[in-house]
Each structure stands twice: as structure tokens, then as C-alpha cells.
Amino acid sequence: MQLDDVAAVARARGGDQEAFKVLVDRHSRTLYRLAFRMTGKAEDAEDVVQETFIRAFRQLSRFEARSNVSTWLYRIAFNCAVDFLRSRPRRESATEDEALERMAPSATGPTVDDLVYAGQIGERMQVALGGLSEKERAAFLMRHYHGCSIEEIGSTLGMKTNATKHSIFRAVKKMRVAMQAFVAGREEPKERPGQWSAE
Amino acid sequence: MTSGNTEHPTEDDLVLLFYGDTSPADEGRLAAHVDACDQCRPLWQDIQASLAAIDAAGSPEPPADFERVMWARVQREIEGMRPATNWWAPSVWMPVVTLAAVVLAVVATMRMPDDGAPPPAGDTTIASTQPERALLIAMDDHLERSELLLVEVMNAPTDTDAVRLGFEREAADDLLMSSRLYRQTAAHTGNVEFASMLEDLERVLVEIARGPSELNQNDLNTLRAHIEEEDLLFKMRVVTDEVRRRQQAIATVSEGDL
């Protein structure tokens, strides 16, 4: 019988590596999606996931049984991703202005028909995410994709409630600018096989 | 909601509405307003459509064998690593208290000789048993880990605006409770020099463990100055040498008994 998350943590805490493997098998993929959206690169996302599990292993004793293992791992992953982004050389990350310039719709840019593929939307969205500050990006991803509450986000990112809300507001504003091209025609993007698939 | 009943909601209000972060009362009022208001409805629809478009992007997917590859990477890193200890669990701190008490009882009876000469082989208090040797080894390990931590802090890079102390904070936190127990026991058993060194060490460990995870160069210099002012690394090395000398003395006596 497959161990549930809390039981796996308890056994891993006692040194059972197979139990820890259960957590890696179960949560790697979700953490990868999160890490990819945070870093924008597949290889960086893999490094973040790896570091997340190493930190989680070191911190097994701090996990409280009444908590949710997924939320605990998300929190570690967000912190790892933020650390990763901060350690990344400045030149690799686009400035906010550059990113906004790239994501703003232009008269000569692609039409809605050209941009209907999910992969293209994904790429566009990743550029938009790259234009957010680390905290805006983390707050937005936690709220939009992972359904974390404002309190959980604030606690993870070390922000007060109002600051957390404002990070989300700023992020949504910027993401809306980026998504204008897809919203204008109200067209649903078609599914396209490849790197991006429906969640 | 920042606007009154009859006023138009702000864009931020509508974002809260979208994510279900408004109070039930505000939710009903806002929903009714955007339904009825020709001015607000387009903005509300635009917010909904934009965020729906983000969902339509799908998710980035790793390769098919990602879990297997990730486990291989993680397993390589955690091999030989032990999960950090939760010092607040009684199952953990009770043995530590016992350990500390016995170690310090042994150390207190040693009272480092002024001339540095090994104690007489017939001193039964010191050369008594192997368990005492094991305890000295534990003390040695504690001092060695503490020294490594301080050396890392002293050698942190100085060419960056800020230095992250993530692992150093965790290590300091792990060392803090055992250090405190050793220090209290040393004080109770009258080993003043040892207690004094551990008190200096404890102050620095608290500063690292409870300080910010990211230090600017000024903060880092202040921390280093505290370590240097106390001559802490030197004192720790002196005590470590003494603990090792005692281990050796016990080992020599044990071999002689065979």
C-alpha cells in the first residue's frame, strides 16, 4: 500500500530513504511546474526542485504533522526559487521595463490567430512572469495556481497582509497587459502537443 | 472594498472578487454591482478573460522520466546526510540533557592542568570507562561543528552587497540548544573557563540563528567583530585540544589495561 504524505515524512525522519522517495515521486512534477514558472528555464527548474528536496530532507524534523506536505514543499520551493533568482547574475534577468515592452501588444505584432497555440501563450506568459519582481511573481503563482490564501502567501514571503495583496494586484495588472492579445478576440487557444500541456 | 456601496469598485476590489478574497457581504454587493453597471462590467469581464487566458496556457511539463532522474539526483546528495534534529522534542533533548550532565561532570573533574601535562595514569576519575570517552568524542564533535560554522562566517565573501546565511543559520540553530546545555552544566559544576567560552559561543550562535538570513557587509563586519573581540576561535581550539588530549589519555589507559 502506498504511504500517505504524513506517514512518508514520519518514516523518512527516521532515516527511511524509500519513504522520502515516495515524496519525491509524488511531488516532483508539481514542484517542477512551479519552479519553471518562477525561473523560466527547464534546467533551472530542475535545480530548484532538487534543492527543494534536499532542504526538505534537512528540515524533516520541522514539519508539523497537522500541516499539509504539499504546502510545506511549496513553501520550501518558493524560497529556493527566490534564492536561485537572487544568485543568478543580473544580466540574465530582463529588467521590468524590457519585459513589459516585450509583452505589450503592438500594432505590428502577431494577430490573435497567430497566437492561439497554448505553447505560444505559455511562452508569452513566461515573459510576463519574468517582468514581475520576485515577490510579485511568487505571490501571483501561489494565489493563481496553487490556491494559497493571502495569509499563507504573506507568511511564506515574509510580508504583511496589505503588502501581499498589493503584490498580487501589481502582478495581475502586469499579467493583464501581457494577455491583452489573447483577450481582445476572446478566442480560446487550441491545444498543442509539446512542452506545455493542460494541467 | 475601498469604495462605498454606490461608488464603483476599484480594479483591486475586482481582483479580490475574482480570487474569492472578499467578505461574503462584499462579494454579493460587488457581484450585483458589476452585473448592473455598464461602466464596471467591461473591466470585470476583462479581468476574468485575462486570468482565464493565463490558465489556458497550460503547464510546463518535465520529461517523462523526471521523477526517476530527480530521485537519482536527490539521493546522491542526501546519501550519508541525516535529517536535522528537532531539539524541542523531549525524545531528543532528554538524552542531550543527560549527555551534557555527564560530559560536564567528567570535564569538571578534569580541571585542565596548568602545566598541560597528562594526568596520572592511575587517576580513576578520568580514565574510568569507555562511555566517558564516547562523551568526550561528542563534545569534540560539538566544538568542531561550531568552529567550522564560525570559520565559514569569518570567510564569507566580502565582494558582494549582501551575504546569505541560510545553512549557517540552520546550523547555528541546531548547535544552540546543546551548547546552552553544556554551558549550564559547566557553570553548575564550577568549570568557569569552559562555561565562559561556551557563553561567548552561545551569544554568537544566537546572533547568527536569530539574525536576518541576508546580511549586508556592515552587519557581517559587526558579527565578525564580535567573534574576534571574544577571541572565540582561539578559545575553542584550546578547549578542543584539551578534550582531545583527554580522549587520548583515556585511550592510552584503556590500552594499558588490556
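Values computed for the structure shown
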{"read-out": "Residue tally, condition facing chain B (nearest Cβ under 10 Å) and open to solvent by less than 30 Å² (accessible area, probe 1.4 Å), over the stretch A:165-175", "value": "5"}
{"read-out": "When residues of the stretch B:28-50 are limited to those that are within 14 Å of chain A (Cβ to nearest Cβ), open to solvent by 20 Å² or more (accessible area, probe 1.4 Å) and in contact with a helix residue (DSSP H, G or I) (Cβ under 6 Å, 6 or more places away or on another chain), the one nearest to B:PHE18 (Cα to Cα)", "value": "B:TRP44"}
{"read-out": "Residue satisfying all of: in the stretch B:52-61; facing chain A (nearest Cβ under 7 Å) and assigned to a helix (DSSP H, G or I); surrounded by the most Cβ atoms within 10 Å (Cβ to Cβ) among these", "value": "B:ALA53"}
{"read-out": "Within the stretch B:13-27, tally of residues that are modelled with pLDDT of 90 or more and farther than 20 Å from A:HIS144 by Cβ", "value": "0"}
{"read-out": "Selection from the stretch A:63-80 of residues that are part of a helix (DSSP H, G or I) and more than 9 Å from chain B (Cβ to nearest Cβ)", "value": "A:VAL69, A:SER70, A:THR71, A:TRP72, A:LEU73, A:TYR74, A:ARG75, A:ILE76, A:ALA77, A:PHE78, A:CYS80"}
{"read-out": "Of all residues in the stretch A:30-62 being of a type in the set (S, T, N, Q) and more than 7 Å from chain B (Cβ to nearest Cβ), the one that is farthest from B:MET70 (Cα to Cα)", "value": "A:THR39"}
{"read-out": "Single condition A:LYS135 does not satisfy, out of (1) modelled with pLDDT under 65; (2) more than 9 Å from chain B (Cβ to nearest Cβ)", "value": "(1)"}
{"read-out": "Yes/no for A:PHE36 being farther than 24 Å from A:LEU132 by Cβ and of a type in the set (Phe, Trp, Tyr)", "value": "no"}
{"read-out": "Positions within the stretch A:5-29 being within 9 Å of chain B (Cβ to nearest Cβ) and either closer than 30 Å to A:LEU132 by Cα or aliphatic (A, V, I, L, M) (or both), in sequence order", "value": "A:ALA12, A:VAL24, A:ARG26, A:SER28, A:ARG29"}
{"read-out": "Flag if A:ILE121 is without any contact (Cβ under 8 Å) to a residue 60 or more places away in the chain, of a type outside the set (Phe, Trp, Tyr) and within 11 Å of another protein chain (Cβ to nearest Cβ)", "value": "no"}
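Here is a yes/no grid of residues against (1) open to solvent by less than 20 Å² (accessible area, probe 1.4 Å); (2) of a type in the set (Ser, Thr, Tyr); (3) in a helix (DSSP H, G or I); (4) within 11 Å of chain A (Cβ to nearest Cβ):
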residue: B:PRO9; (1), (2), (3), (4): yes, no, no, no
residue: B:ASP21; (1), (2), (3), (4): no, no, no, yes
residue: B:GLU67; (1), (2), (3), (4): no, no, yes, yes
residue: B:MET81; (1), (2), (3), (4): no, no, no, yes
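The values are calculated or read from the model by the stated rules, or taken from the named source; none is laboratory data. Keep in mind that what you see is a predicted model, and the values were worked out from it rather than measured. Here Cβ is always computed from backbone atoms with ideal geometry, including for glycine, and neighbour counts include all displayed protein chains. Side chains are part of the model used for accessible areas, which takes the heavy atoms of the whole protein and leaves out ligands, DNA and RNA. Shrake-Rupley method; radii C 1.70, N 1.55, O 1.52, S 1.80 Å.
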